[in-house]
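Everything on this sheet refers to the single structure shown next.
The values are calculated or read from the model by the stated rules, or taken from the named source; none is laboratory data. Given the structure is predicted, the values throughout are model-derived calculations rather than measurements. As a convention, Cβ positions derive from the backbone with ideal geometry for all residues, glycine included, and neighbour counts pool all protein chains shown.
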Amino acid sequence: MTVIDEWTGRHANALRAALRLTNEAFAEHLGISPRTVTKWRERPEMVPSPQLQEALDTSLRDAEADAKLRFAANLGLQQPPPLDQAALKQLNVAIGDLARVLARLQLADPQR
């Protein structure tokens, strides 16, 4: 899960977009004025108050999984999905094949 050490306007706006809320709906969700949400968009470096930091933490924590993925993607933090067992097995086989090829090359030409 993505954790934000210190929220900025950029992070808050990314969360708003990930939740698919308008400025007004996001403001209502957080219990703040829509003008504050607009300021975050206008000033992405702005750091919200400690109380709003907590509200944003809670909002992210309570968000649905798909919204959390959109949030991470909005910030360029999206990680690839974990490999399932079949994909992991295929990867291990490919690595083993590559290791054997490299070993043969080394035996064929020890100067490599």
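List of remarks:
- Pairing residues of segment 68-84 that are modelled with pLDDT of 90 or more with residues that are not in a helix (DSSP H, G or I), at Cβ distances under 6 Å and at least 6 apart in sequence or on separate chains, gives Ala72/Thr2; Ala72/Gln78.
- Considering segment 1-51, the residues that are at pLDDT below 95 and closer than 17 Å to Ala67 by Cβ include one that is surrounded by the most Cβ atoms within 10 Å (Cβ to Cβ), namely Ile4.
- Wholly within the chain, helices (runs of 4 or more DSSP H) carrying at least 1 residues that are of a type in the set (Val, Ile, Thr): 34-42, 50-62, 85-108
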